[in-house]
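Engineer: The structure follows.
What follows is calculated from the coordinates using simple rules that are stated; it is not laboratory data. Everything numeric in this text was worked out from a predicted model, so none of it was measured. Glycine gets a Cβ as well: all are built from the backbone with ideal geometry, and neighbour counts include every protein chain shown.
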Amino acid sequence: RFIAELSGVIVRRRPTLSSDKVSCLEKGDEITALEVFREEGIEWVKLPRGAKAYRSQGEQVSLDLSEDGFVATVVPSQGQQLRKQSAKVSRVEDPGVLSKEVIQEVMGMSSDPGLQLPLEVKYWTRQQLEMFV
C-alpha cells in the first residue's frame, strides 16, 4: 500500500512523466499497487484497471481507470508523491499468556544459558516458569 503525500498526484496512462493524465489522487489517499518497478530512474506504482483509493474514514473512491494506471513515487520538480505504508503491528496482551518479555526476564536468571523451554511455557504462570528455570 502507498499513501499520497500531496493533493493532485497524477495517475498516468504510461510510466513516463509526459504521459497523459487518466486520474489523480488527493493527499492521504491510500492505494494498493499491482506492481512496483523502476523506469528511466523513476520508481513507478502500477494500478490495475478499476482501482480504488481509500480516503479518510475508509471511504472508497473509484479512480475511473479503464486500463492500468501508473503513478511516480517521486517527481523531480515536485518531490515525494507517494510513500510506502508500513505495516501496523499491534501487540495484543492475553491475560492467560506469559509475554515474551517476561519469559526472557526469567530466562535471564537461569544458570544454564542453553536451557530449552517446552512450547507450552507461555501458558504457565510466572512462578511455574521460575521453578522450571
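Engineer: Run the count for the chain, please: Lys pairs, Cα-Cα under 15 angstrom, 8 or more apart or on different chains.
Structural biologist: Lysine pairs meeting both conditions in the chain amount to 5.
Engineer: Mind listing the long-range amide H neighbours of Glu43? Cut-off is under 5 Å, sequence gap 5 or more, other chains count too, H placed in the peptide plane at 1.01 Å from N.
Structural biologist: Here Thr73, Val74 satisfy the definition.
Engineer: Oh, and also: Check Leu34: other-chain or 5+ apart residues with amide H under 5 Å from its amide H, H built from backbone geometry?
Structural biologist: Result for Leu34 returns Lys46, Leu47.
Engineer: Karplus couplings for the range 67-84 from phi (6.51 cos²θ - 1.76 cosθ + 1.60, θ = phi - 60°), rounded to Hz, Gly and Pro as x?
Structural biologist: Once θ is set to phi - 60°, the couplings for the range 67-84 become 8, 4, x, 9, 10, 6, 6, 9, 10, x, 7, 10, x, 5, 9, 10, 10, 5 Hz.
Engineer: Oh, and also: Starting from the amide H of Cys24, placed 1.01 Å from N in the peptide plane, find each other amide H under 5 Å away whose residue is 5 or more places distant or on another chain.
Structural biologist: Here the answer is Val11, since their amide H atoms fall under 5 Å of that of Cys24.
Engineer: Which of the peptides 116-127, 68-79, 16-27 is most tightly packed, and how do the rest follow, going by the mean number of other Cβ atoms within 10 Å of each residue?
Structural biologist: My ranking of the peptides, most packed first, is 68-79, 16-27, 116-127.
Engineer: For the range 120-133, what does the Karplus curve 6.51 cos²θ - 1.76 cosθ + 1.60, with θ = phi - 60°, yield as ³J(HN,Hα) per residue in whole Hz, taken in order and with x for Gly and Pro?
Structural biologist: Coupling constants for the range 120-133: 7, 4, 5, 9, 7, 7, 4, 4, 4, 5, 4, 5, 5, 6 Hz.
Engineer: Add -39500 (n - 2.57) for each DSSP H run of 4 or more in the chain, then divide by its residues: what number comes out at 222 nm, to the nearest 500 deg cm²/dmol?
Structural biologist: Calculated at 222 nm, the ellipticity per residue is -3000 deg cm²/dmol.
Engineer: Express the Stokes-Einstein translational diffusion coefficient of the chain in µm² s⁻¹, to the nearest whole number, given a Kirkwood radius over alpha-carbon pairs, 10 °C and a viscosity of 1.306 mPa s.
Structural biologist: So the translational diffusion coefficient is about 87 µm²/s.
Engineer: Compare Ile103, Ile42, Ile31 in a GNM of the chain, Cα atoms joined below 10 Å, and give the one with the largest fluctuation.
Structural biologist: Answer for the Gaussian network model of the chain: Ile103.
Engineer: Dividing the alpha-carbon radius of gyration of the range 1-72 by 2.2 N^0.38 Å (N being the number of residues), what value is obtained?
Structural biologist: With N residues counted in the range 1-72, Rg over 2.2 N^0.38 Å equals 1.00.
Engineer: Pick from Gln80, Gln57, Gln104: which residue has the top mean-square fluctuation in a GNM of the chain where Cα pairs under 10 Å get a spring?
Structural biologist: Looking only at Gln80, Gln57, Gln104, the largest GNM fluctuation is found for Gln104.
Engineer: Please identify which residues in the range 45-64 have an amide N closer than 18 Å to a label point set 7 Å out from the Cα of Ile3, following the Cα→Cβ vector.
Structural biologist: Inside the label zone: 53-61.
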